[in-house]
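K.L.:
Below is a structure I'd like to ask you about.
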Amino acid sequence: MGSGVVGFNIIPRNAIFADTNPHLINFYNAIASGKINGIKVRNFLEQHGEILSKRGQDYYYEVRERFNRTHEPLDFLFLNRCCFNGTIRFNRKGDFNVPFGHKPQRFSKAYITKIVNQVDYVYVMSRHSNWSFICQDFSETLKEISEKDFVYCDPPYVGKHVDYFDSWDEENERHLFEILSHSPCKFILSTWHSNQYKKNTFLETLWSEFHVLTKEHFYHVGAKEENRKPMLEALAMNFTPQRLYQEPIERAEQLLLLEKLAEHQRSNSLVS
Ligand SMILES: C[S@@+](CC[C@H](N)C(=O)[O-])C[C@H]1O[C@@H](n2cnc3c(N)ncnc32)[C@H](O)[C@@H]1O
């Protein structure tokens, strides 16, 4: 699932959004079940945004400590929207540990409205579609696929992740390859192709039999300057796309809620 941006833009009638991060899945389940909604999000962000504007980082760290005890989805949203670069990262104890983003006035009326609209959108879409949000390993999720399905996978980059819920090694990559290469349905795997220093050798070995499309992307997330650099991204798939289609960029941005998840997980550059 990650940020869910692919599913939220494609809007499939039936979908399983699966991820091993329980906080992410709890958050979307809370929206889908109506436990949190646009009104509650607005009230919460207005109230806590005002305290943040007065107390600054002390309050951010208070909410972070509370979230690590209670795991409340509204705290998760609040933290994600005012932490450093909007990233999501958990330490080895499973605690959210991203530092403050140093913008105490973060929760302006316009910004809160944007978030509320995104929450309402996910709620409406999940009500009108048959969507489930499930916390489980990809190997479990992919056990259920049949030839009628379509699978989109965006695993973390190999060897770059030490996050509690999000580490990915060569064994994971090989396991995913074993499952996808025998997939009865179409799949797309999102991965990286190369940057100025390295290339993803798995594209030449494991994934070489598949069709690969590339696109350059510039990563702005990174504590160190050298981590802010262009990257050639890749999509590997077991079919040849009929036509290449222009991305609806504005819409894709609009439908991102926990938007910097992917970028952080690829940059892995923050200091604990
Ligand atoms: C690069 S992010 C996904 C990016 C996503 N496409 C987006 O736009 O945000 C990778 C995701 O894989 C999840 N993940 C890591 N290991 C996993 C596993 N073994 N099974 C399922 N999900 C996993 C992480 O929690 C994370 O949300």
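Read the figures in this text as sums done on the coordinates, not as results from a lab. Not measured: the values here are computed from a predicted model. Note: ideal-geometry Cβ built from the backbone for every residue, glycine included; neighbour counts use all protein chains shown.
K.L.:
If I build a Gaussian network model for the chain, linking alpha-carbon pairs within less than 10 angstrom, which residue out of V124, V63, V98 has the largest mean-square fluctuation?
P.N.:
Between V124, V63, V98, it is V124 that shows the largest mean-square fluctuation.
K.L.:
Here's another thing I want to ask about it. Within 10 Å, count the other beta carbons around each residue, average over each peptide in 204-216, 47-59, and list them highest first.
P.N.:
The peptides rank, most packed first, as 47-59, 204-216.
K.L.:
Here's something else I'd like to know. Quote to one decimal, in nm, the extra length available between H71 and K160 on full extension: 0.36 nm per residue of separation minus the C-alpha distance between them.
P.N.:
Using 0.36 nm per residue and subtracting the Cα-Cα distance, I get 29.5 nm.
K.L.:
Just to check I understand the Karplus step: with θ = phi - 60° and J = 6.51 cos²θ - 1.76 cosθ + 1.60, what whole-Hz values come out for region 187-192, glycine and proline as x?
P.N.:
9, 10, 10, 9, 8, 10
K.L.:
Nearest 10 degrees, 0 to 90: what angle lies between the long axis of helix 109-128 and the longest principal axis of the chain (Cα atoms)?
P.N.:
With rounding to tens, the tilt is 50 degrees.
K.L.:
Apply the Karplus parameterisation 6.51 cos²θ - 1.76 cosθ + 1.60, with θ equal to phi minus 60°, to every residue of region 39-56 and state each ³J(HN,Hα) to the nearest whole Hz, in sequence, with x for glycine and proline.
P.N.:
Taking θ as phi minus 60°, the curve returns 5, 5, 5, 4, 4, 5, 5, 5, 5, 7, x, 5, 5, 4, 5, 8, 9, x Hz for region 39-56.
K.L.:
Tell me, C153, C83, C185 in order of fewest to most beta-carbon neighbours within 10 Å?
P.N.:
Going from least to most buried by this count: C185, C153, C83.
K.L.:
Next question. Spelling out what I want: for every residue of region 21-38, take phi, set θ = phi - 60°, compute 6.51 cos²θ - 1.76 cosθ + 1.60 (Karplus), and round to whole Hz; glycine and proline get x.
P.N.:
Taking θ as phi minus 60°, the curve returns 7, x, 5, 5, 5, 4, 4, 6, 5, 5, 6, 4, 8, x, 4, 10, 9, x Hz for region 21-38.
K.L.:
So if each residue of separation counts as 0.36 nm, and I subtract the Cα-Cα distance between V212 and R127, what length gain in nm does that give?
P.N.:
27.1 nm
K.L.:
Enter the Cα centre distance for the pair region 129-199 and region 55-93, rounded to the nearest angstrom.
P.N.:
Using only Cα atoms, the two centres lie 27 Å from each other.
K.L.:
Quick one: length gained pulling I134 to D169 fully straight, 0.36 nm per residue minus the C-alpha distance?
P.N.:
Net length gain for the segment: 10.4 nm.
K.L.:
How much of the DSSP bridge set in the chain is antiparallel, in percent, rounded to the nearest 5?
P.N.:
65 percent
K.L.:
Taking Cα atoms, how many degrees apart are the long axis of helix 170-181 and the longest axis of the chain, rounded to 10 and kept between 0 and 90?
P.N.:
Orientation of helix 170-181: about 60 degrees from the principal axis.
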